[in-house]
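First the structure, in the form of structure tokens, and then the observations on it.
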Amino acid sequence: MAARTLLLTLANLLIPVAILVFATGFFPYKPFMPGLAEYDNLGWEDGMGWSNKSVADAPFDRLVFMVVDALRSDFVYSEGSGMTFVQSLIREGYALPFTAHATSPTITMPRVKAITTGSIPSFLDVILNFAESDTTSTLATQDTWLAQLKAKENGKLVMYGDDTWLKLFPDFFERADGTSSFFVSDFTEVDNNVTRHVPDELLNNDWNAMIMHYLGLDHIGHKAGPKSPNMLPKQKEMDDIVRDIYSAIENEDHLQNTLFVLCGDHGMNEGGNHGGSAPGETSPALVFMSPKLTKVTHAMEKKSPVVPKAGTEFEYYRMVEQSDVAPTLAGLMGVPVPKNNLGVFIEEFLGFWDDGRDRIQLLLRNARQVKSIVEATYPSLDFGDVVTQDHKKECDSPSTGQQLACKWQGVVDVMSTRTKIEISSRVGQLYKFMKAAQETMSSTASNYDVPRLVLGASLAVISVFLTLFTLPAFTPMSPQGLFYTLILVLYSILMFASSYVEEEHNFWYWATSAWLFYLFISASRKEWTANFILHPAIMVLVLHRIIRRWNQTGQKFAGADDIVHSPLFHGSYSIVLWTMIGSAYVDVTNRLSRHVARSIAAFEGLSGVALGAPDDEFDPNRLMAFIAVLPLGVTAFLFKLAFTALDAPELTGGINQDLLNWVASLGLVGIARMVFGGIALSAFWISVAEWKRAQGRRKNVDGNGDLAVALFDLLTLFLLTQTKAQNIPLYLLFRLQFFFLSTLNLDPTSLTTTTLLLTQTSFFALGNSNAISSIDLSTSYNGISGYNVTLVGILLFASNWAGPLYFTAAGTLLLGSHGGANSTRRHIDTSELDDRDWVREERAHLERLARQENIVAERKKDSGRAWSDHVSLMTLWTGVSVASVMVACAVLRQHLFIWTVFSPKFLFAMAWGIGFHFVGTIALGGLLWKVGRW
Amino acid sequence: MSTTVIGGAPPKPRPPPTPISHLPTDSARLYTHIHPLLLLSLYTYQFPSIVADPVAGLAATLVPLAALQIAYVAVCLPPTGNGTGSGAGNGPASGGAGGEKRKIGEKKKANGSAGKSDGIGGRIIPAVLSVLLSLLVAAPLLTAALVLFGAPITTHHAHTLLCGAHIAFLAAIPLVYVHGVDGAAWRDAVALLLPVDEVYGGLLGAVCGAWLGAVPIPLDWDREWQKWPVTIVTGAYIGYVFGRLLGGTMLKGKKVMF
Ligand SMILES: [Zn+2]
């Protein structure tokens, strides 16, 4: 027994270690160069006739950088765009349009990093994006064009809009006003907060860069997609702001050398979400504007609106990399290129310099800076300034590093040639090198730490093997054990198929249906129910069928009909939704009142007053308790209503407007805190009471686990608070599933299998998937006014894993047979009652009642074993799933979809493996199991 | 070997069900092997039109499928109540409801007449009745089961119904033919208590095949045949043929144990 516990503990400890080791190899920490770049020596002084320190004059000294969140290319360039002023600037040659390719993950923080540093942010930034205030993710110490502009003489920066910038650049800005996107239903306030500062700032001449970041358009996308009726007016609003700023640049003297950049940080897909790498998400617009641009645009074809490049949906004009913005701005503003930049100066702007040597100088500095990163990555290769003899050999090598060395040799070659050669061939060679370096360095293949990948995956496999020795004996092989094994085997195979990673919910729905039907067959073998349609297992299956249609999730059928988007819940019908939500809250409140009534009775009992029977309908304690619990239930419900009125006003259509106005005036943070406080207080109160009751009982007599049920109901209330309104009716269905399952008399292995299937099913049914864009942030700030990574992280986890947490608790209760009215009937061999003779049945029933106490006592004896079996099976599952995801990621690391499908899956596997397994299965489950004996 | 009497309950009067064998005639022996090939040929031949237009294709295939199944049961199988399987199928518990008792009487009569006129003509009528029963009872039930397992509920009604009808024709016609409307046999069929034979094996195979047929749907192969319900029906056909084959040979007489 002790050896088993030791093995199981070891296996469990290995899981997080394996995950972390693998993560450091999979998302390696990129070597980054500290400090600010300076203009360094150019080289080839004699040949080129320049001085080593010479710097080409910059055409601009001021920058207005306007980011419109999720500004997809077609929102600006297409026929149907509302940005007609920008289009007129393009036609007149005052604006130079591009499509800026954004790499996955297409969420704001990594994109801002790419734009400002010119580097390709690692996938780890996704995690840091959610842990927003983490100081390690700030760019305060990194080289960016912001830092360069600030370091300039009289350099002052101002910033208005998305506070991501304020978190990335703490204490950078002279003046700033950050807006946060708490509610995506806010389309106007977030933008007015920015726009109101613009007129004043345009009159100030103390800044040399003004950054604006508008969030409204992104919110419209999240709420109603790119075809929302609000989209065109928002584009027009943005266009008017561009017009105001542009005319100020034209008319104000102090702004005449101002470069005005309008860009999106990422785009959006057809659903209005982003995070992945669909063409719509990776194709934001990028427009440079200034009256001075005619100098470079006069020879170009100027057309607008246009259609995207043939064969693409969103590729308008020329496609550049988002990281190219950094060196281009550096060149145009006359500052050194940021040190970690992998971008390439945009060729169209070379026309600003008439002297060919200035152009080469600019590109050479860009190339030398990129080369220094390449050199750091391939320290063994020669990137010197002298032509070497064996560089021909390198050009034939298939190794990407040697190919780069060869291209650099080509640069050295053309730079060293004394004879007068065409400037364009030098420019061409420089671009050849930089483009190749950009491509190589941004492809991640060279960055994996393969030994660590192998080590991490091996540790996970070892954990699986250790767990195998702790498993409950499966001899003879039971069908439920077989089914469990089958799930694990199939899952491991599916993790290698990108489409099944995207459509993982289908696997769980499919397996769960079969399992529930098996439960029906299994029960029918023992005892045939005359009305088999109403058999509990069939009822759970019917409920499962409804639950799986609640939210459409996954990629392939994204946007298909589901219950949440049906007209049933919208507009004036939202009263239907709110009736269901109300029932969910009434149910929880009522159940809580039962526990509180018992607690009152417990204290009465102590003080020698009469003991009230808690389940008695005429119990005065029950009434008192209901009155005591009511405020908590009502507050929780009002919070949900107030939150939804702000977050999803389309769901509160049928609700009385005065009521909505009143709850809106209450202040969300305060009510949320009241709800959380109420839950904590109730938990404390009931725990003390149950502890007293437990003390009052004789030794050796176990309680009936009332405290576990009470904590489960409090957990339910907490999870309701963390769930979006449209998903709350699901808890009524979960509750029914829980009830029917409790009448099924399942054996422990079947219960663990059921728990596993329902935790997974409920995760996807609540609208989650293995895509980062499906992570729901909206309820993660409940009751939090500042930024607190830990609290936001806990709430984020609780809201996205609410379903799994619910079912892991429910499963533990079922395992301990604390759930439902029929709990004491469990584990009685009903096969004895098969003869359908009512007399026999009646007699058996009486016998059963008589034997009940013995059975309960017997079960308590080996119930400790039931829990450790459960843990060891769940550990096996976690180990197998984590190991298979790791092996899939390691084997498929060159796969086309590695960054779009498999890496996000690994992040989710991390959350399941560390977050859910330890917090949910072991900590929460263990607690409920422990107090279940009280 | 009845699992219903585990645990020392009084022994039950109902005889344990026994596996069905095909009729001991040469034509039965021959056709029982040709039949799966004919089924698969029919399905392969119709497959392109089913993929092109599932509703029209499946509807058109239903009639020849019924014809093939009628031919199969009439040529190869003992009709309900026939003694070939040594009491197979006529085992409603005498302790059961009165209605069941009445049915036994009926079957006894049918048994006698079938025994005398051992010709195919006498077996066509029960075969056609099996088709009707499968169409009217089994098909709706299987369609309901399909919906329960995730078939679309607001769209593709004809698709799902035809899919259910195909599975019913494959799996239920032979079973209805040999077991009739014997409630106990059907209960045992659902509870996996019947011994495996080529008829019951076919049912299990078709149902499992249909379930496994859902696996390719989410893959991103962008093939026409991934659409609903082509893979399910295909799985049912393949599963039926496999189940029949295994049930009639290797696994014959075995019971699903758990
Ligand atoms: Zn967004």
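Listing for the model above:
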{"read-out": "Options B:GLY247, B:GLY235: the member that is within 14 Å of the chain's Cα centre (by Cα) and assigned to a helix (DSSP H, G or I)", "value": "B:GLY247"}
{"read-out": "Members of region A:74-109 found to be within 16 Å of the ligand (Cβ to nearest atom) and at pLDDT 90 or above, listed by number", "value": "A:PHE75, A:ALA102"}
{"read-out": "Top-ranked residue of region A:264-297 - restricted to ones that are hydrophobic (A, V, I, L, M, F, W, C) and more than 13 Å from the ligand (Cβ to nearest atom), ranked as surrounded by the most Cβ atoms within 10 Å (Cβ to Cβ)", "value": "A:LEU286"}
{"read-out": "Unique residue being part of a helix (DSSP H, G or I), surrounded by fewer than 20 Cβ atoms within 10 Å (Cβ to Cβ), away from every other protein chain (no Cβ under 14 Å) and in contact (Cβ under 8 Å) with a residue 24 or more places away in the chain when the list is B:LEU135, B:LEU162", "value": "B:LEU135"}
{"read-out": "Region A:172-191 residues that are in contact (Cβ under 8 Å) with a residue 24 or more places away in the chain, paired with ones that are assigned to a loop (DSSP other than H, G, I, E, B) and more than 13 Å from the ligand (Cβ to nearest atom) (beta carbon under 7 Å, 6 or more apart)", "value": "A:GLU174/A:LYS156; A:GLU174/A:TRP207; A:THR179/A:ASP163; A:PHE182/A:TYR781; A:SER185/A:ALA648; A:PHE187/A:ASN230"}
{"read-out": "Any chance A:ASP206 is more than 12 Å from the ligand (Cβ to nearest atom), surrounded by fewer than 22 Cβ atoms within 10 Å (Cβ to Cβ), closer than 22 Å to A:LEU96 by Cα and in contact (Cβ under 8 Å) with a residue 40 or more places away in the chain", "value": "no"}
{"read-out": "Positions within region A:279-308 being assigned to a loop (DSSP other than H, G, I, E, B) and under 17 Å from A:GLY331 (Cβ atoms), in sequence order", "value": "A:SER290"}
{"read-out": "Which listed residue, of A:PHE260, A:PHE314, is aromatic (Phe, Trp, Tyr), under 30 Å from A:PRO199 (Cβ atoms), touching a residue at least 24 places away in the same chain (Cβ under 8 Å) and assigned by TED's automatic domain parsing to the domain that holds A:LYS223", "value": "A:PHE260"}
{"read-out": "Hey, A:LEU577 facing chain B (nearest Cβ under 10 Å), among the aliphatic types (A, V, I, L, M) and touching a helix residue (DSSP H, G or I) at 6+ places or on another chain (Cβ under 8 Å) or not", "value": "no"}
{"read-out": "Where B:ALA144 falls short, out of the listed (1) within 12 Å of chain A (Cβ to nearest Cβ); (2) buried (at least 18 other Cβ atoms within 10 Å of the Cβ); (3) small (Gly, Ala, Ser); (4) closer than 24 Å to A:PHE532 by Cα", "value": "(2)"}
{"read-out": "Index of the failed condition, A:VAL450 passing every other in (1) within 23 Å of A:LEU20 (Cα to Cα); (2) within 14 Å of chain B (Cβ to nearest Cβ)", "value": "(2)"}
{"read-out": "Region A:343-362 residues that are under 15 Å from A:SER51 (Cα atoms), paired with ones that are of a type in the set (D, E, K, R) (beta carbon under 8 Å, 6 or more apart)", "value": "A:ASP358/A:ASP57; A:ILE360/A:ARG426"}
{"read-out": "Lone unmet requirement of (1) more than 14 Å from chain A (Cβ to nearest Cβ); (2) out of contact with any Ser or Thr (no Cβ under 9 Å at 6 or more places or on another chain); (3) not small (Gly, Ala, Ser) for B:ARG223", "value": "(1)"}
{"read-out": "Among the residues listed as B:ALA144, B:ALA168, the single one being assigned by TED's automatic domain parsing to the domain that holds B:LEU39, closer than 27 Å to A:PHE557 by Cα and out of contact with any Phe, Trp or Tyr (no Cβ under 9 Å at 6 or more places or on another chain)", "value": "B:ALA144"}
{"read-out": "Single condition A:HIS213 does not satisfy, out of (1) touching a His at 6+ places or on another chain (Cβ under 7 Å); (2) within 15 Å of the ligand (Cβ to nearest atom); (3) under 18 Å from A:LEU157 (Cβ atoms)", "value": "(1)"}
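Matching residues to (1) away from the ligand (no atom under 16 Å from the Cβ); (2) closer than 30 Å to A:ASP143 by Cβ:
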{"residue": "A:ASP177", "(1), (2)": "yes, yes"}
{"residue": "A:SER180", "(1), (2)": "no, yes"}
{"residue": "A:THR195", "(1), (2)": "yes, no"}
{"residue": "A:LYS223", "(1), (2)": "no, no"}
{"residue": "A:ASN230", "(1), (2)": "no, no"}
{"residue": "A:PRO233", "(1), (2)": "yes, no"}
{"residue": "A:ASP240", "(1), (2)": "yes, no"}
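Yes/no per residue for (1) within 11 Å of another protein chain (Cβ to nearest Cβ); (2) part of a helix (DSSP H, G or I); (3) hydroxyl-bearing (Ser, Thr, Tyr):
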position: A:ALA530; (1), (2), (3): yes, no, no
position: A:VAL542; (1), (2), (3): yes, yes, no
position: A:ILE547; (1), (2), (3): no, yes, no
position: A:TRP550; (1), (2), (3): no, no, no
position: A:THR553; (1), (2), (3): no, no, yes
position: A:VAL564; (1), (2), (3): no, no, no
position: A:LEU568; (1), (2), (3): no, yes, no
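The values are calculated or read from the model by the stated rules, or taken from the named source; none is laboratory data. Note that the structure is a prediction, hence the values are computed from the model and not measured. Cβ sites come from the backbone with ideal geometry, for glycine too, and all protein chains shown count toward neighbours.
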